[in-house]
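Before any comments, here is the structure.
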Amino acid sequence: MMIKEFSVNEIIKDLIQIANESIEKRGRFLISLAGGNTPMKIYEKLADASLDWSRVHFFWGDERCVPMDDVGNSYGQIKKVLLDKIHATNIHRINTDPSTSSGQRLKPDSAATHYAHTLKFFAEPPLDFPRFDLVLLGLGEDGHTASLFPNSPVDVEEPVIAVTAHYQDRPANRVTLTPKVFNEAREIWFLVTGKNKAEILNTVLHGEKNLQLYPAQRIQPKDGNLIWWADVE
Ligand code: 6PG
């Protein structure tokens, strides 16, 4: 585990390096995106990067169960700044949008099952899902990450689950990847900025080890790098 000072330019530089290495070694770069506000400046800058975008595949670590054009939908927000030049076949969103193309409502549980199937297409046997080349995660003030919230079950076997959680004014029904998937990643980056995160960051990194209470502590890559990008505050 490493702590680096949050810098958009540094993050983009390292991200591009990892992307190019992944494409060179495996012909593809699989990245799992975080929702929330912190990563948005990264996504905006990433859009200008020169990468072989045809080899880059975008996934989401979690999604809220609201329509795509709702401000609470992570895919919808990220699409605005990053995905315009990306081919649809390279965008693998968690389809929680009730108005699915086939018209029927995707309930959170079926959205989770649906996404588990999507992950299977990119699986790295013997796993049923891919080893992400890079996972981006945020940290909530309550210690949650993705949509893994305090007091949620710790030992979850499924790769993708539906959850209901209340955090600030954000949508409650969500679908999230689980540590089973995250921890197989080759590289996991937490992006944490702002004074309001100082206390929880200190607790998660240096305080009581409590996977139930601080889900971000559940993120421990089995065979990968874990970097915390944090600003001075
Ligand atoms: C989400 C994210 C969530 C987020 C944290 C931090 O969908 O909301 O997955 O885990 O990363 O809540 O959000 P901020 O970056 O907005 O503080």
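Bear in mind these aren't lab numbers, they're just calculated from the coordinates by the rules spelled out. Being a predicted model, the structure only gives us computed values, none of them experimental. All Cβ positions, even for glycine, are placed from backbone atoms using ideal geometry, and neighbour counts span all protein chains on display.
Worth pointing out:
- With all projection directions averaged, the alpha carbon convex hull of the chain covers 11.8 nm².
- By average C-beta atoms within 10 angstrom, highest first, the peptides 138-148, 187-197: 138-148, 187-197
- As computed over the range 79-173, the Cα convex hull volume per residue (Å³): 148 Å³
- Net charge of Cβ neighbours under 13 Å - reference ALA47; Lys, Arg +1; Asp, Glu -1: +2
- Across the range 158-229, the relative contact order, built from alpha-carbon pairs under 8 Å that are at least six residues apart, equals 36 percent.
- Volume per residue of the C-alpha convex hull in the range 163-211, rounded to whole Å³: 128 Å³
- The Stokes-Einstein estimate for the range 3-114, based on a Kirkwood radius over Cα pairs and taken at 37 °C with 0.692 mPa s viscosity, is a diffusion coefficient of 218 µm²/s.
- Legend: residue pairs LYS4/LYS195; LYS41/LYS79; LYS25/LYS79; LYS13/LYS80; LYS41/LYS197, Cα-Cα distance threshold 19 Å; pairs beyond threshold, LYS25/LYS79; LYS13/LYS80.
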